[in-house]
1. Mind putting a number on the dipole of segment 36-101 about its Cα centre? Charges go on the C-beta only, +1 for Lys and Arg and -1 for Asp and Glu, and I need it in Debye to the nearest 20.
2. How large is the accessible surface of Val90 in square angstrom, using a 1.4 angstrom probe and rounding to the nearest 10?
3. Among Lys8/Lys79; Lys24/Lys64; Lys24/Lys81, which pairs are too far apart, with a Cα-Cα distance over 19 Å?
4. Taking amide H positions as placed 1.01 Å from N in the peptide plane, with prolines and chain starts having none, which residues 5 or more places from Glu33, or on another chain, fall under 5 Å of its amide H?
5. Let me cross-check Phe46: its accessible surface, 1.4 Å probe, with only protein heavy atoms counted, in Å² to the nearest 10?
6. I want to check the label-to-label distance for Ile83 and Asp56. Put each point 7 Å from Cα in the C-beta direction and report it in nm to one decimal.
7. Please calculate the 1.4 Å probe accessible area of Lys24, with all protein chains present, and give it to the nearest 10 Å².
8. Keeping every protein chain present and rolling a 1.4 Å probe, give me the accessible area per residue for the chain in Å².
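The values are calculated or read from the model by the stated rules, or taken from the named source; none is laboratory data. Keep in mind it's a predicted model, so treat the numbers as computed, not measured. Here the Cβ positions follow ideal geometry from the backbone for every residue, glycine too, while neighbour counts run over all protein chains shown. Calculation scope for accessible area: heavy atoms of the full protein, side chains included, ligands and nucleic acids excluded. Shrake-Rupley method; radii C 1.70, N 1.55, O 1.52, S 1.80 Å.
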Amino acid sequence: MSGVWVFKNGVVRLENGGEGPRRKVMVHVASGEAITSYEVLERILFSLGWERYYDDPELLQFHKRSTVHLISLPTDFNKFKSIHMYDIVVKNRNEFEVRDM
C-alpha cells in the first residue's frame, strides 16, 4: 500500500496523496486472466472444485465441499467490490491476486 497516514479528529487513515480511489481488479494467477464478469469467475471457481449454492436468490454463492467456506457475492457484478475479491483470495490461496488497475 502506498500513501500517507493522516491523523485527523482522533482517526488514522491511509490516503493515497490525492490520486482518488484506486480501482481494483482480481486476476487468476495461473492464466493471468482478469475477472471481468461472473461467468469468468464461475468458470474458474468450478475448475477449482467450487459448486454453486442456491440457498439465497439475493446472492450468488459458492461452496467447496472439502471446506466450510462459503463465498457470497452480490448478484450484480457492478457491486462486486474489493472486499468480495479479498474474500475469494483468502479462500483460494495462491489462485487469485487483487491488483490496482
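1. Dipole of segment 36-101, to the nearest 20 debye: 220 debye.
2. The accessible area of Val90 comes to roughly 80 Å².
3. The answer is Lys8/Lys79; Lys24/Lys64.
4. The answer is His28.
5. Accessible surface of Phe46 is approximately 100 Å².
6. Taking the simple label geometry, Ile83 and Asp56 are separated by 1.2 nm.
7. 70 Å²
8. Result: 70 Å² of accessible area for each residue.
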